[in-house]
1. Can you give the net charge of the other residues whose Cβ lies under 11 Å from the Cβ of Thr42, counting K and R as +1 and D and E as -1?
2. Run the numbers for Met57 and Thr86: contour at 0.36 nm per residue of separation, minus the present Cα-Cα distance, in nm.
3. Please report Rg (one decimal) and Dmax (integer) in Å for the Cα set of region 37-92.
Amino acid sequence: MAVRSRPRFPAPGLGPSAALLPSGLLLLLLAWAAPARAGSVTSQSIWGKSNAIERAMQQVPAGATVTGTSCNEVNVGIGNYHYSCTVEFSEAPAGPAGAASPAPAPAPGQP
């Protein structure tokens, strides 16, 4: 009786990475089509809330819009405080390279 070897995944000559290609392309498409990205940055300070917020604001990406801030004050000893502040932001969607600058309108009388 002959013993058959197990078939390779998904077909001879193709490895498991070939099966992940469609999934990767789908994720790339969904990430490109996302309307906007949001995020947050957290920073800490021993000097005060305003210093912790300032440090977090320095880490917000250029062009992003700040949507909110929140801070926590923790007593770490007798009269000593530690401040942790989070700055939330949203970014404009990233489209194709040519989408950022629209083409100029034709002059009157030109097609």
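The numbers here are math on the coordinates, done by the rules we state, and not lab data. None of the values given here were measured: they were computed from a predicted structure. Note that each Cβ is placed from the backbone with ideal geometry, even for glycine, and that neighbours are counted across all protein chains shown.
1. Values: positive: Arg55; negative: Glu88.
The answer is 0.
2. Details: separation 29, 0.36 × 29 = 10.44 nm, distance 0.90 nm.
Taking Met57 through Thr86 to full extension adds about 9.5 nm, to one decimal.
3. Expressed in Å, the Cα Rg and Dmax of region 37-92 come to 12.3, 45.
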